[in-house]
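**Student:** Structure below; questions to follow.
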Amino acid sequence: MLLTLFLVGGAVFPVYSQKIIIPVYSKSNALILQVEDSKDLNMAYFGEKLSDENEYKNISRVYRPAEDYSSMLASAYTASGTRNLAEPAISVTHADGNNGLHLLYESHKQEKIDENVSLTTIVLKDPVYPFWVTLYYKAYVNEDVIEQWSSIRHKEKKSVTLGKFASANLLMRGSAYWLRQYHGDWAREMQPEESRLTHGIKVLDSKLGTRANLFQPPLFMVSLDKPATEDEGKVLFASLSWTGNFRVDLEVDHQDNLRIIAGVSNFASAYSLKPGEEFSTPAFLYTLSNSGKGLASRNLHDWARNYKLVDGKGTRLTLLNNWEATYFDFNESKLSALLKDTKKLGVDLFLLDDGWFANKYPRNDDHAGLGDWQENKQKLPNGISYLVKEADANGVKFGIWIEPEMVNPKSELYEKHPDWVIRQPGRDEHYFRNQLVLDLSNPKVQDFVFGIVDGLLSKNPELAYIKWDCNAVIYNAHSSYLQNQSHLYIEYVRGLYKVLQRIRAKYASIPMMLCSGGGGRVDYGALQYFTEYWPSDNTDPLERIFMQWEYSYFFPAIASANHVTDWGKQPVKFRTDVAMMGKLGFDIVISKLDPKDLTFCQQAVKTYDSVKDIIWQGDQYRLTNPLTDDVASVFYLDKAKSAGVIFNYLVNNRYGAGSAVPIRLKGLDPSKKYRLEEINLYPGTRSALNPGTIYTSDFLMKIGFNPAVKSGRNSVVVKITEVR
Ligand code: GLA
């Protein structure tokens, strides 16, 4: 029964007996926090909104009675060292050496940041020590996304040591839980595994420091009750926005709850926090869909374009890259020819990759020169500025590759500043791709890294694009700058963000690609400074269909940089079609293309220009799944539901494989009629589709269309257009 109204932070909240209910609402969901009589803060519910909000207070009562220990399992931010014995979100050693922490509700406020975004802030305090944790829940209403983080502070006499410091601690309830997680390696990113979670703790983590996602990204989804499909089932998509070591504990506890505790990894990272200093964790972001994986990913795509990616609602530049065309073997005249090829191909920009710098130890392979960011005089006697001007004269833009966080031991930088390098004194060095990592916790190194970008851009204001690479992990984690070595992994990432913030403050809109020897570093913490990411060095189109499929659950197509290369056995049409499902680029030798292939590529760039806005800004529907079907089919539909593109590929080469049954479309406007037309045809081939037929959306969604995919017609792109 509603007893009274409670005023906090200017807002009015209903109070039921002693319990304060703090609801965090988004369009479809309610995350309900509840202050118990004891002042403990629990998570009472996270799921579909109830029609009567007065009933939220009854939820915790209908689960198993929360007497004695079990009430701890629902803690909204589980402390350790007192009553709780479950996996904690936070652990601390106080200034006096005591390990006990109990967090009780102190206050909260709810603010509307704008029409779509609200922020709920809840302050918790230890009853014995002057130690506070503030929980933040930022709800993006229309996208059904929540970003949750915490901040920790204290007023004890000396520093305290944080042993664990999660961003978020969620409680999910279901009859069973199915985890989809990812693992990988170089050229094998985003390999999915889906399995039922059993009792106990499953940990997803990275300890690699930089390039942290090489073996495991912080991306995952959990289906509740039963495995969700594209269109059915309850499923949580989640990730940590952090470009470094992370840890996600997924614990099915003895009462069958799923407790998710996510944050920066505490591996070798005990954090000494001074009195008055605030330790702010990165955001854990999540979206809960009650209608399957498709909706969850469309919500995340909208959120990323609206709030995270640099220029998420803008455009992107198509490009020609020279990495696989030349590797390190180029000079000014070779590049001048490639600038002409860029124009001939019809893309917007030429991207000069690795190998353009260093003189004492020239960058002629990946063993030397990294760190010495002066143009190599032999290869480029007239410098980058000459090439930028040449590009302009050819009517194309110019972009450049850098890997500013790294150093080869064979470099002048290493000789001059050995103290800038992460390494253990007195121990052998260990190299990853023949290189070491610079110590970004050191402000001088931050200045150096910022200076690389700033130097290039202030000398060449017309420079239009940067590819930022990061190829090594951190071995021998030791900083000669930091006093407290266990801060290194965290201060490294903070240093990286400081540099990226400085770059964005000065160069707000320059497109930047986030690359890490492929997709070793794709996360929303980094992506807020980048326009796009490089999913993998593996550009074999067949592999890419699978990889891009998995990435597409979490990231919108506009952010996926896809290049047509010579990887794989498929014809150039197949490779180009796959690369079009994102931001199109090429990394092939244009001058050696067969004339028909060249004509096709030139035409494909034009075709892409005519549909790219649909791919970048539309809604994505995954129609048929390469993991289970002969044909993979992916559909992008513009927001007005009047135009779309469907990409269809044969992914099984067994006898007779193909689109034996029609593929049903999704998301169309029920009141509209549409026409289908095959586009991006290879010169001299004819379409198997009749563009004259007019279909109702009812037909296309109930029966479907048949792209006639089969051996010999293994890649088919179809444009769908509303008929008025
Ligand atoms: C990494 C990147 C590649 C290329 C090379 C250059 O491997 O992923 O795309 O830039 O570095 O050395």
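The values are calculated or read from the model by the stated rules, or taken from the named source; none is laboratory data. Quick caveat: nothing in here was measured; it's all calculated off a predicted structure. So basically every Cβ, Gly included, is an ideal-geometry build from the backbone, and we count neighbours across all protein chains shown. SASA here: full protein model, heavy atoms, side chains in, ligands and nucleic acids out. Shrake-Rupley method; radii C 1.70, N 1.55, O 1.52, S 1.80 Å.
**Student:** Scan the range 423-447 and report the pairs whose first residue is more than 18 Å from residue 412 (Cα to Cα) and whose second residue is in a loop (DSSP other than H, G, I, E, B) and open to solvent by 60 Å² or more (accessible area, probe 1.4 Å), with Cβ atoms within less than 7 Å and a gap of 6+ or a chain change.
**Tutor:** 430/475; 432/475; 441/481; 442/481
**Student:** Looking only at the range 150-196, count every residue that is touching a Pro at 6+ places or on another chain (Cβ under 9 Å) and hydroxyl-bearing (Ser, Thr, Tyr) and tell me the total.
**Tutor:** Counting residues in the range 150-196 that are touching a Pro at 6+ places or on another chain (Cβ under 9 Å) and hydroxyl-bearing (Ser, Thr, Tyr) gives 3.
**Student:** Which one is most open to solvent (accessible area, probe 1.4 Å), of the residues in the range 234-248 that are more than 21 Å from residue 486 (Cβ to Cβ) and in contact (Cβ under 8 Å) with a residue 60 or more places away in the chain?
**Tutor:** Of everything passing the filter in the range 234-248, 234 is most open to solvent (accessible area, probe 1.4 Å).
**Student:** Please determine whether any residue of the range 155-163 is among the acidic types (Asp, Glu) and open to solvent by less than 20 Å² (accessible area, probe 1.4 Å).
**Tutor:** Yes, there is a match, as at least one residue in the range 155-163 is among the acidic types (Asp, Glu) and open to solvent by less than 20 Å² (accessible area, probe 1.4 Å).
**Student:** Restricting the search to the range 343-371, which residues are within 11 Å of the ligand (Cβ to nearest atom), under 13 Å from residue 407 (Cα atoms) and open to solvent by 10 Å² or more (accessible area, probe 1.4 Å)?
**Tutor:** 366, the sole residue that qualifies.
**Student:** Among strands (runs of 3 or more DSSP E) lying entirely in the range 262-339, which contain 1 or more residues that are open to solvent by less than 20 Å² (accessible area, probe 1.4 Å) and within 30 Å of residue 565 (Cβ to Cβ)?
**Tutor:** 319-321
**Student:** Select from the range 41-65 the residues that are in contact with a helix residue (DSSP H, G or I) (Cβ under 9 Å, 6 or more places away or on another chain) and either buried (at least 21 other Cβ atoms within 10 Å of the Cβ) or in a helix (DSSP H, G or I) (or both) and write down the one among them that is modelled with the lowest pLDDT.
**Tutor:** Ranking the candidates gives 60 first.
Yes or no, residue by residue, for (1) under 26 Å from the mean Cα position of the chain (by Cα); (2) of a type in the set (A, V, I, L, M, F, W, C); (3) in a loop (DSSP other than H, G, I, E, B); (4) surrounded by fewer than 16 Cβ atoms within 10 Å (Cβ to Cβ):
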| site | (1), (2), (3), (4) |
| --- | --- |
| 449 | yes, yes, no, no |
| 452 | yes, yes, no, no |
| 458 | no, no, no, yes |
| 461 | no, no, yes, yes |
| 490 | yes, yes, no, no |
| 499 | yes, yes, no, no |
| 505 | yes, yes, no, yes |
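**Student:** Also, I was wondering about something else. List pairs: first in the range 527-542 and under 27 Å from residue 508 (Cα atoms) and β-branched (Val, Ile, Thr), second open to solvent by 10 Å² or more (accessible area, probe 1.4 Å) and away from the ligand (no atom under 11 Å from the Cβ), Cβ under 6 Å, 6+ apart or cross-chain?
**Tutor:** Pairs found: 531/310; 531/311; 531/511.
**Student:** Only residues that are of a type outside the set (A, V, I, L, M) and either touching a Cys at 6+ places or on another chain (Cβ under 6 Å) or part of a helix (DSSP H, G or I) (or both): list them for the range 580-595, please.
**Tutor:** Of everything in the range 580-595, those that are of a type outside the set (A, V, I, L, M) and either touching a Cys at 6+ places or on another chain (Cβ under 6 Å) or part of a helix (DSSP H, G or I) (or both) turn out to be 591, 592, 595.
**Student:** Tell me, which residue of the range 400-409 that is in a strand (DSSP E or B) and within 12 Å of the ligand (Cβ to nearest atom) is nearest to residue 444 (Cα to Cα)?
**Tutor:** So, considering only residues that are in a strand (DSSP E or B) and within 12 Å of the ligand (Cβ to nearest atom), the one nearest to residue 444 (Cα to Cα) is 406.
**Student:** Right, something else. Does residue 519 fit the bill of being away from the ligand (no atom under 16 Å from the Cβ), of a type outside the set (A, V, I, L, M, F, W, C) and over 26 Å from residue 162 (Cα atoms)?
**Tutor:** no
**Student:** Of the numbered conditions (1) assigned to a helix (DSSP H, G or I); (2) in the same structural domain as residue 242 (by TED's automatic domain parsing), residue 344 satisfies every one except a single condition; which is it?
**Tutor:** (2)
**Student:** Can you spot a residue in the range 195-216 that is open to solvent by less than 20 Å² (accessible area, probe 1.4 Å) and among the aromatic types (Phe, Trp, Tyr)?
**Tutor:** No - not one qualifying residue is present in the range 195-216.
**Student:** Just checking, how many residues over the range 523-548 are among the hydrophobic types (A, V, I, L, M, F, W, C), open to solvent by less than 10 Å² (accessible area, probe 1.4 Å) and more than 16 Å from the ligand (Cβ to nearest atom)?
**Tutor:** Here the count works out to 2.
**Student:** Residues that are touching a strand residue (DSSP E or B) at 6+ places or on another chain (Cβ under 8 Å) and over 19 Å from residue 551 (Cα atoms): which strands (runs of 3 or more DSSP E) entirely in the range 208-256 hold 3 or more of them?
**Tutor:** Those strands (runs of 3 or more DSSP E) span 246-252.
**Student:** Next question. For the range 561-606, how many residues are under 19 Å from residue 526 (Cβ atoms) and open to solvent by 10 Å² or more (accessible area, probe 1.4 Å)?
**Tutor:** Adding up the residues that qualify gives 0.
**Student:** Follow-up question, since we're still on this one. Is it the case that the range 564-579 has a residue that's part of a loop (DSSP other than H, G, I, E, B), more than 16 Å from the ligand (Cβ to nearest atom) and of a type in the set (A, V, I, L, M)?
**Tutor:** The answer is no, given that none of the residues of the range 564-579 is part of a loop (DSSP other than H, G, I, E, B), more than 16 Å from the ligand (Cβ to nearest atom) and of a type in the set (A, V, I, L, M).
**Student:** Please work out which one of (1) under 30 Å from residue 633 (Cβ atoms); (2) within 16 Å of the ligand (Cβ to nearest atom) is the condition residue 212 fails and give its number.
**Tutor:** (1)
**Student:** Quick test of your reading of the structure: residue 520 fulfils all but one of (1) surrounded by 24 or more Cβ atoms within 10 Å (Cβ to Cβ); (2) farther than 18 Å from residue 404 by Cβ. Name the failing condition by number.
**Tutor:** (2)
Yes/no per residue for (1) more than 25 Å from residue 482 (Cβ to Cβ); (2) within 16 Å of the ligand (Cβ to nearest atom):
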{"residue": "428", "(1), (2)": "no, no"}
{"residue": "435", "(1), (2)": "no, yes"}
{"residue": "447", "(1), (2)": "no, no"}
{"residue": "458", "(1), (2)": "yes, no"}
{"residue": "461", "(1), (2)": "yes, no"}
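**Student:** Which ones in the range 372-397 are within 16 Å of the ligand (Cβ to nearest atom) and either out of contact with any Lys or Arg (no Cβ under 8 Å at 6 or more places or on another chain) or open to solvent by 50 Å² or more (accessible area, probe 1.4 Å) (or both)?
**Tutor:** Once the filter is applied, which keeps residues that are within 16 Å of the ligand (Cβ to nearest atom) and either out of contact with any Lys or Arg (no Cβ under 8 Å at 6 or more places or on another chain) or open to solvent by 50 Å² or more (accessible area, probe 1.4 Å) (or both), the range 372-397 yields 373, 379.
**Student:** Still on this structure: Can you tell me how many residues in the range 682-713 are basic (Lys, Arg), out of contact with any Gly (no Cβ under 9 Å at 6 or more places or on another chain) and within 19 Å of residue 604 (Cβ to Cβ)?
**Tutor:** Total satisfying the criteria: 1.
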